[in-house]
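One structure is given here, and the rest of the page talks about it.
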Amino acid sequence: GSRIAQVQQDGAQPIVSFGGQAHTSLDVACTSVSSLTAAYQSVISAYHLTTIDLDVEGAALDNFQAEQRRAAAVSDLERAAQAAHRKLAIWLTLPVEPSGLQGAAISVIESMLRDRVSIAGINVMTMDFAQAPAAGSTMLASVESALRAAHGQLADLFPRYGIRLSSQQIW
């Protein structure tokens, strides 16, 4: 709380990230959409947040029920913010491999898009590949490959949900 207050005093808007690799994420722990929505909203309200990040990895990444609850809850949060004339930007942080976003990460994005969540941005975790770069390759080459692959996947995915973005906007 004190760190968030300091950021706000400095004139910046903090971004709170929910989830992550360690511990149990809210979308796994809360077994109903209403309880998950309330949990997220309590943090958003307490800190007057305008942006949240959902770091989906670990157990939450492969939990389809949590994925569905997360998308529905975030959709509810977004609609409530709009109704109250408040801004709420939603970011996703997802694991990626040099070959791109894997099936579970794509599913997370699709669940958000199906529930009409306006995704402000997607962070790909290029620092934690499942395997080290192959002999003769570099981490930089792996990161660049992951970014190009994810860009292509998003360029293919977004139009299926009526989202038209230029290549530059996707970047």
Open item on the list: Per residue, how large is the accessible surface of the range 47-153? Use a 1.4 angstrom probe and give square angstrom.
Closed with: 47 Å²
TODO: Consider a paramagnetic label point 7 Å from the Cα of T138 along Cα→Cβ; state which residues of the range 96-127 have an amide N under 19 Å from it.
DONE: 98-99, 126-127
Open item on the list: Can you report the principal axis dimensions of the range 85-159 using only the alpha carbons, biggest first, rounded to whole angstrom?
Closed with: 52, 22, 17
Task: Fraction of the pair-distance distribution of the range 1-71 above 17 Å, Cα-Cα pairs, percent - done: 46 percent
Open item on the list: Please check: in the Gaussian network model of the chain (C-alpha springs, under 10 Å), which one of Q21, Q131, Q102 has the largest mean-square fluctuation.
Closed with: Q131
TODO: Show that you can apply the helix-only estimate: for the chain, add -39,500 (n - 2.57) for every DSSP H stretch of four or more residues, divide by all residues, and state [θ] at 222 nm to the nearest 500.
DONE: -15000 deg cm²/dmol
Open item on the list: Just to be sure I understand: with springs between alpha-carbon atoms less than 10 Å apart, which residue in L157, L140, L49 has the highest mean-square fluctuation in the Gaussian network model of the chain?
Closed with: L140
- [ ] Can you send over the carbon and sulfur percentage of the accessible area for the range 54-117, probe radius 1.4 Å, protein chains only?
- [x] 52 percent
- [ ] For M127 and V16, compute 0.36 nm times the residue count separating them, minus their Cα-Cα distance, and round to one decimal in nm.
- [x] 37.9 nm
Task: Gaussian network model of the chain, springs between alpha carbon atoms under 10 Å - residue of P14, P133, P95 with greatest fluctuation - done: P133
Open item on the list: With both bridge residues required to lie in the chain, what share of the DSSP beta bridges run antiparallel, to the nearest 5%?
Closed with: 5 percent
TODO: Enter the accessible area of D128 (Å², nearest 10), with the probe set to 1.4 Å and all protein chains included.
DONE: 100 Å²
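With a ≥ b ≥ c taken as the square roots of the eigenvalues of the C-alpha gyration tensor of the range 40-99, please select rounded if a/c is under 1.5 and otherwise prolate if a/b is larger than b/c or oblate if it is not? Write out the running numbers ahead of the final one.
Numbers: a/c = 2.36, a/b = 1.86, b/c = 1.27.
Cα axes put the range 40-99 in the prolate bin.
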- [ ] Count neighbours as other Cβ atoms within 10 Å of each site's Cβ, and list the trypsin sites (Lys or Arg not before Pro) in the range 45-91 that are DSSP loop with at most 16 such neighbours.
- [x] R86, K87
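The values are calculated or read from the model by the stated rules, or taken from the named source; none is laboratory data. Quick caveat: nothing in here was measured; it's all calculated off a predicted structure. Positions of Cβ are generated from backbone atoms using ideal geometry, with glycine treated the same way; all protein chains shown enter the neighbour counts. Ligands, DNA and RNA are excluded from the accessible area calculation, which covers all protein heavy atoms including side chains. Shrake-Rupley method; radii C 1.70, N 1.55, O 1.52, S 1.80 Å.
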